[in-house]
Amino acid sequence: MDFEEGDRVKVEKAGVEYEGIAMPSTTGHIIIKMVSGYNAGIDPEGATVTVVQKKQDMEASTKAAGKAEVEPKKGLPKVSILSTGGTIASKIDYRTGAVTSQFSADDILQAIPELTEIANFSGKAIYNILSENMKADYWQELAKAVVEEIKNGADGIIVAHGTDTMMYSAAALSFMIDTPVPIVFVGSQRSADRPSSDNAMNAICAAKVAVSDIAEVTVVMHSESSDDKCSIHRATKVRKMHTSRRDAFRSINSEPIGYVDYSTGEISTGLSYTKRNEKELSLMASLEPKCALVKFTPGSSSDILGYFIDAGYKGIVIEGTGLGHVSTDWIPQIERATSQKIPVIVTSQCLNGRICDRVYDTGRDILKAGAIEGEDMLPEVALVKMMWTLGQIQDYDDAVDILKQDIRCEINERSLE
Ligand code: ASP
């Protein structure tokens, strides 16, 4: 049949019409990605295929649209979009049928023209990766790029990021940067080719926060499965809690700072927050990447902890059970770590609630072995805080002091019910 992968085609069979993009097929069936985002497989026997638009023509018109300059509007604030990749910056790869990160920050503006009513944007693609490929030195480069944009006069920053590890990157930037302007992370759970895509609404809400007076690192994503509002989560209290729902991001052990009403664009806040220009810009970008987050499971060997000590890790976060426990036979390894000046923080697999190692025997022994109670910190945040603290401070006792203190609202003094 006379079409290629990537062409927009219409397939007619037994009186039913399917329209979409021709995808690779290994079965001999015609596979098309329909507007719904779902793929249809059609037996070519008795089917007629017409090409609606050739792949090359579609690419040319997308390119031409991409070249149209967006005129800056007088009086609007300046926002920089730094794109790192992820679903929010992705499109379909016709070779594999997979979603891959290929869009630049400018493409985001072309795709969501409503953004240009909120601010004058400039865009830079820092990376074009899925966020599972992020690492500590990328966080550092990203933090430097953000600081550069603020120095160059940006009134707010949007970081377009994959959702899988967004909370790590957001927490890392939160520790690394004292910011006088909002730094907003945004992503999307469903790619732009699906009608249920959350990318436009999330990006528009993120832009509203980027021009607001919330001068903190935040994550702005759908609050509910409906399109009513987005939550403004504090970077050190947020977690991806669902693989596919649009409202996957939740504040844990905290309320969100506030919400953006999608229809009015209004922001309401419930928590106190750092306001615009309250802080002077500064960057503390050093990180110690050799830190580990270790999950304790019943019956697991204490050799696991021993491995990290012997492999030269500089800090260890344990995700313990309940109030912050590991089995008795892990405790000598904790003691070995702390006696070698490797700080150990204990957090909880429960995520919700606070560590209290003063209740049960094992907890008391963990404290005697020198472990630090992670209070109500999320395990991932404790890991990032460990990397940042050990990047800043060499002395063990000073580092332990910092690890126990609240630096970026990662520890609440009192817990919510
Ligand atoms: N795996 C993707 C990522 O985190 C998923 C997403 O973008 O939401 O980059």
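We did not get these values from a lab; they are worked out from the coordinates using the rules stated. Predicted model only: the values in this text are computed from it and were never measured. For neighbour counting, all protein chains shown are included, and Cβ atoms are generated from backbone atoms with ideal geometry for every residue, glycine included.
Summing charges over all other residues whose Cβ lies under 13 Å from the Cβ of residue 11, with Lys and Arg as +1 and Asp and Glu as -1, gives -3. For the chain, the cysteines with no partner cysteine C-beta closer than 4.7 Å are 291, 350, 356, 409.
Neighbours of residue 185, meaning other residues whose beta-carbon lies under 12 angstrom from its beta-carbon, give a summed charge of +1 when Lys and Arg score +1 and Asp and Glu score -1. Quick check: from the Cα gyration tensor, does segment 117-201 come out rounded (a/c under 1.5), prolate or oblate? Cα axes put segment 117-201 in the oblate bin. Restricting to bridges with both residues inside the chain, how much of the DSSP beta-bridge set is antiparallel, in percent to the nearest 5? Close to 55 percent. Here's the list of lysines a cross-link from residue 13 could span, going by alpha-carbon distance under 17 Å and ignoring same-chain residues fewer than 8 apart: 33. The calculated 222 nm mean residue ellipticity attributable to helices in the chain amounts to -7500 deg cm²/dmol, summing -39500 (n - 2.57) over DSSP H runs of n ≥ 4 and dividing by all residues. Mean sequence separation of contacting Cα pairs (under 8 Å, at least six apart), scaled by the length of the chain, corresponds to a relative contact order of 11 percent. Remark: relative contact order (segment 283-363) = 31 percent; criterion is Cα-Cα distance under 8 angstrom and separation of 6 or more residues. Indicate the gyration tensor shape class of segment 269-310 (rounded, prolate or oblate), computed on the Cα atoms with a ≥ b ≥ c the square roots of the eigenvalues: a/c under 1.5 is rounded; otherwise a/b larger than b/c is prolate and the rest oblate. Oblate shape, in that a/c is at least 1.5 and b/c is the bigger or equal ratio. Counting only DSSP beta bridges whose two residues both lie in segment 183-322, roughly 65 percent are antiparallel.
In order along segment 259-271, the phi-based Karplus estimate (6.51 cos²θ - 1.76 cosθ + 1.60, θ = phi - 60°) of 3J(HN,Hα) comes to 9, 10, 6, 5, 6, 9, x, 7, 10, 10, 10, x, 9 Hz; Gly and Pro are listed as x. When the listed pairs 144/404; 151/341; 151/385; 124/208; 240/385; 135/229 are checked against a 29 Å cut-off, the alpha-carbon distance exceeds it for 151/341; 135/229. Amide H contacts of residue 198: 189, 190, each under 5 Å away and 5 or more positions distant or on a separate chain (H built 1.01 Å from N in the peptide plane; Pro and chain starts excluded).
At an R0 of 51 angstrom, the distance between the Cβ atoms of residue 295 and residue 50 translates into a FRET efficiency of 0.40.
Expressed as an acute angle from 0 to 90° and rounded to the nearest 10, what is the orientation of the C-alpha long axis of helix 199-210 relative to the principal long axis of the chain? For helix 199-210, the angle is close to 50 degrees. Residues considered: 320, 41, 123. Largest GNM mean-square fluctuation over the chain, using C-alpha springs under 10 Å, is found at 41. Placing +1 on each Lys and Arg Cβ and -1 on each Asp and Glu Cβ, with no other charges, gives the chain a dipole about its Cα centre of roughly 240 debye. So if I take the centroid of the Cα atoms in segment 242-299 and the same for segment 202-226, what is the distance between those two points in Å? About 11 Å separates the Cα centre of segment 242-299 from the one of segment 202-226. Of 203, 119, 369, the residue with the greatest mean-square motion in the GNM of the chain, using alpha carbon springs below 10 Å, is 369. Between 218, 297, 264, the residue with the greatest mean-square fluctuation in the GNM of the chain (Cα pairs under 10 Å linked by springs) is 264. Each Lys or Arg adds one and each Asp or Glu takes one away; over the other residues whose Cβ falls under 11 Å from the Cβ of residue 291, this sums to +2.
Is the C-alpha gyration tensor of segment 280-417 telling us rounded, prolate or oblate? Criteria: a/c under 1.5 is rounded; beyond that, a/b larger than b/c is prolate, otherwise oblate. Taking the square roots of the gyration eigenvalues as a ≥ b ≥ c, segment 280-417 is oblate. Principal-axis analysis of the Cα atoms of the chain puts helix 55-67 at an angle of about 60° to the longest axis.
Length available on full extension from residue 284 to residue 349: 0.36 nm per residue minus the Cα-Cα distance, which gives 20.4 nm.
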